[in-house]
Every structure is written in structure tokens, then in C-alpha cells.
Amino acid sequence: MQRTKIKKHLVIVFLMTLILITYSFKSKFFEVAKQLEIYTELYKELNMHYVHEINPAEFTNKAIKNTLKDLDPYTNYYDEQAVEEARIRREGEYAGIGISVYYDKKGIIITSVYKGYEADRKGLKAGDIITKANGQQLQNIKQEQLSQFLKGTPNTSIQIEIDRQGEKKQLTVVREKVVVNPVPFFDMIDKETGYIVLTRFNEKASSEVKKAFTELKGKGMKQLVFDLRENPGGSLFEAINIANFFLPKGSTIVTTKAKVKKWSNAYKANKKPLDLDIPLTVLMNEKSASASEIVGGALQDFDRAVVLGERSFGKGLVQRYFPLTYGTQAKITISKYYTPSGRCIQELDYASRNEDGVVLKFSDKAVAAFQTKNGRVVYDGGGIQPDIKIGFIKRTAATKKLLKSRAIFNFITYYYYKNPSIPEPETFEFKDFKKFQYYLSSIDTTFKTDQEALFLKAYNSIQDQGLLLKEYQQIQKKLIVEKIREVSMNKDYLEDLIQAEILERYHFKEGSFKNRLTTDNVILEAVKILNDKSRYTEILSGA
């Protein structure tokens, strides 16, 4: 009798729960449908009655972007054109002429030329401005339209006009299949130490790392420096494959936790590793993100590698692409990822903002401690902390503004045409910082501090500017002097950055990486640790 009553109670509870869940689902569905209907009705009325014409695509794009702006910056909408660009980034292949570019009101500015491709063969240079394509002037055209001019089917040609330092030149270039190698450089640093740099996690990442590793082993490599600095991430599965190269089959490399149960998974190494014993160092910095942090975090948690450099970016969010109608797509953050020890290393808490709308940081709250396989203490709440901190230089506010401008790129172009040649990559050093200071103060027009911008805005608001022209010029000179002083506080950092950019301009990326092997302090420290077996073992043992 008692058992029957219990069963009845359980059935009633189950039915009530089911009703609540159903009601909740219907309520949410109704609210979504209601809001969509409101938007549709609003757009219909605007389209019929608004005094000016409305562009449907632009109108909807703005509405969608406004909808997404309060979420995290990785949740995005892609129209048909952006879908293709996202595919290129993932796959690392496209049809083009082998350049990377800026889009500008002047036209398409070439920022780098890939060695061996059509642009290189035809003599195009970084700093060239493509001002015309197939007869179409490219000045003052929107970025979305500019990006289409160089794309197309392989083996098709484009007639272009370039502006090189004020001189016009016309030529024909032919589109070809361009493959972006995520491992642009690998080599031996010394007789026993190999070096591999991975710049992105596209679909070729693990195969290219494996190819480089195998070749270096054939050259006698007994220890490895694996460089993930500046690597913004990419494919989760390529990150798992690469971590698997150095971890035993069956090891949990990363765990994801999502609202949708099927996307909460523990991803394990499912292949035979390349090498479980080779001494390994991993280099990371503030721009190492996402998939880079999966690899770095897994190797750190298993005490498989010594991590050197700066704290990584702190992107512990996973995205997935969802197809929408008419060839469009949404990329939506679906889960957070956790390293093998249980750390979520997401830095910014996009669900929490202060009253000014600024996103709060997890690292500003209490962080939790976790343990690696050997019992070393590691922490969550903001990126992968390196085992050895080296290479970080605090940037001044002026330097941060400088890095966001095109001033350094423009200076390299200026330097390139003032210096017909430079020494070989292994021996080149940039020691002309005074020339850079002169360029910023006397020639550059792109780099302005917040103070300069505000002062210029105030001056422009004055009706009779002639009355204050002398005073304006005096204050402007003082602001420039202060700007140069603040930038110069980061002289060593900027010299290294400019040196790398100059080498790439003369000797492609290969030249820049060759130079790193003998001048980069983080690489040199990594080699020192690998050569000191007792120190290497002590760091990883947690002693």
C-alpha cells in the first residue's frame, strides 16, 4: 500500500516537472517568435513608408551586429562573402596572387608578399598600393567590395595598376591556388636543438608540424623549441592532434562544458604519439590564444614541456559554425574549455560588465589553484601562466596606440626605399632608433595619441582658427615631444619588432625567423634550459 502511494507521488511529480519544462520551452519559443514578428512588422512599415530608400542587406546586417554586440566578440554573423573568407582561414587555401593586404581609401595596400607566388614573381612589393583592377578605380571603395577584386578562379588574370612611391605601373597578374603554410619556418638551432614555429591552427597545422618534426629528427634533433607566440588559435581538433604528438594515447587533452549536453566532451589523444621522451619547451605570449592555449595547457598539466614567455591571451571559449539561410552562417560560442587539470583559462567574463559596460576579468576575482601531474600548482582565471616568465615588456599608452596605427609599417616602407640592401638575416641588427623617432615626429601622419586627437578636435571646433594658430602649433610640438618620449621608453621592444619587420621586407618571413634563432632572448633562454638537464627536470618535477 505504502509502495503504491510512493509510486503515485512520483508519477505526479514527474508529470508536474514535464508540464513546467514544456511550459518553459513554449514560453521561450513564444517570446522568440514574438520578437521576430515585431522586427518583421517594423521592417515592413519602414520599407513601405520611410521617406528614403532602405538597403535590406545593410539594414539587416546592422540589426544583427547590434543584437550580437553585448555577447562575446567571437559570436558573429557572416554574410555570403564573409563565409568564404572564414573558410579560407580554416582551410589555409584560396585563389589569389600571394599577398596580404590593408584596405584603404587609397586602394589595396600590400602589406606582405608570399615567396614564390605570382605577386613575388611579378615584382610586387609590400607598400605598393593597387589603385586600379580591370579598369576599375579602387579609391574610396568600401572594404567589402575591395576584397573581391583580387579573388577569383585559378588561372584567371587581372589587369592592375600600382602606385609605388608616387610612380604608376601597370601589369597583369594571374590568380593561382595559394596555400598558407601554418609552419612558415623550422630549422636546427644547434646540433641537437630543433625549432618549429606554428602561426595558426588551420586544417594543415598538425600535418605540417609532423612533417617539420620528422625532418628535424632526421637532422639529429634531440630536443625541441616549439614556438606558439603570436598564434591566435583555430581548429580545436588540430590542437588535440598536435598535443597528441607528445602525450600518450588515451590522455585527456581538453574538456568542453556546454549548455547543450552533446557538446560537453572530454577529448582524448587517440593516436600513437610522435615522441614521448624528447625534452620540449613551448613559447607563448599575450597573443597566444585558444588552440595555442589548449596545446600549451595540456603539455604543462602533464609536465611534458617547460612553458616560457608571457601569460597567454586567455580565450577559453569554443565556437561552432551554424549554417543559416541564403548561404550565410553564424559562429556561436557554445562551450568553455578546460585543461587536463581542470582549469578554465578564460580571462574576460563577458556575462559580467560594470556600470560603464566594461567587461570584467576572472583574474580580478579569486582564482582557483589546480595541480599538474607532478603536483605543481597552476591557476585558472586568465591564460596559461608560463613556468619561466621572460620577454614581457610593459607597453606605455603611447606604444599601444603606435602598435594599432600603421606608423611602423609605413616606416619600414620608408626605410626600404632609403636602404637598397641590408646584411644577411643572421647578422642584421636594427640600430637606427633615432631615425624612427625622426620619422614619427616629422613625417608620419597616422599615429596620434589620445591627447593629440582630443586637442586636434578642440582646435577644429574653433571658428576662427587663425587667431590661435601659433599657440596650436606650440602645444602640438609639445605633445609630439611627449609622445616620442613615451614611445622611447619601449625602445628595446620596438627595435626588435622593427628589426623583424625589416627582415621580412627584404628576406621574407624566412629571414625574420632565421634572425630570431640567434637574437631572440626567449628562444635563447629556452635553449639554455634544454641544455641544463637538471634544471629542466627540476622545473617539471615540482620539487
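Results, tabulated for the structure shown:
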{"quantity": "Taking Met221, Met489, Met48, Met284 and counting other C-beta atoms within 10 Å, the order from fewest to most", "calculated": "Met48, Met489, Met221, Met284"}
{"quantity": "Relative contact order of the chain, pairs being alpha-carbon contacts under 8 Å that are 6 or more residues apart, as %", "calculated": "11"}
{"quantity": "Computed log₁₀ I(q)/I(0) - Debye formula, equal Cα scatterers, no solvent, the stretch 185-392, q 0.09, 0.10, 0.13, 0.18 Å⁻¹", "calculated": "-0.35, -0.43, -0.71, -1.30"}
{"quantity": "The stretch 323-438: relative contact order as a whole-number percent, Cα under 8 Å and 6+ apart", "calculated": "15"}
{"quantity": "Distant-in-sequence amide H partners of Val178 (H built 1.01 Å from N, under 5 Å)", "calculated": "Tyr94, Ala95, Gly96"}
{"quantity": "DSSP-defined beta bridges in the chain - what % are antiparallel, rounded to 5", "calculated": "75"}
{"quantity": "Loop trypsin sites (Lys or Arg not before Pro), the stretch 426-533 (other Cβ atoms within 10 Å of the site Cβ: 12 or fewer; DSSP)", "calculated": "Lys431"}
{"quantity": "Kirkwood Rh in Å, taken over the stretch 316-399 so that all alpha-carbon pairs contribute", "calculated": "15.8"}
{"quantity": "Per-residue Cβ neighbour rank within 10 angstrom, fewest leading, Leu46, Leu280", "calculated": "Leu46, Leu280"}
{"quantity": "Compactness of the chain, expressed as Rg and Dmax over alpha-carbon positions, Å", "calculated": "27.4, 100"}
{"quantity": "Gyration tensor (alpha-carbon) shape descriptor, the stretch 101-158, a/c threshold 1.5", "calculated": "oblate"}
{"quantity": "Trypsin sites (Lys or Arg not before Pro) within the stretch 120-188, DSSP loop, no more than 11 other Cβ atoms inside 10 Å", "calculated": "Lys142"}
{"quantity": "Where trypsin sites (Lys or Arg not before Pro) fall in DSSP loop in the stretch 184-271, at most 14 other Cβ within 10 Å", "calculated": "Lys191, Lys219, Lys222, Lys249, Lys259, Lys271"}
{"quantity": "Lysines whose Cα lies under 21 Å from that of Lys470, excluding same-chain neighbours fewer than 8 positions away", "calculated": "Lys448, Lys457, Lys478, Lys483"}
{"quantity": "Reachable aspartates and glutamates from Lys204, criterion Cα separation under 15 angstrom, eight or more residues apart if same chain", "calculated": "Glu91, Glu93, Glu238"}
{"quantity": "Per principal axis, descending, Cα span of the stretch 173-283 in whole Å", "calculated": "48, 48, 23"}
{"quantity": "Whole-percent pair-distance distribution, where bins are 5 Å wide, for the alpha carbons of the stretch 397-522", "calculated": "2, 10, 19, 19, 16, 12, 8, 6, 4, 3, 1, 0"}
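Every number in this text was worked out from the coordinates using simple rules, so none of it is lab data. These figures come from a predicted structure and were not determined experimentally. With ideal geometry, Cβ positions are generated from the backbone for all residues, glycine too; neighbour counts draw on all protein chains shown.
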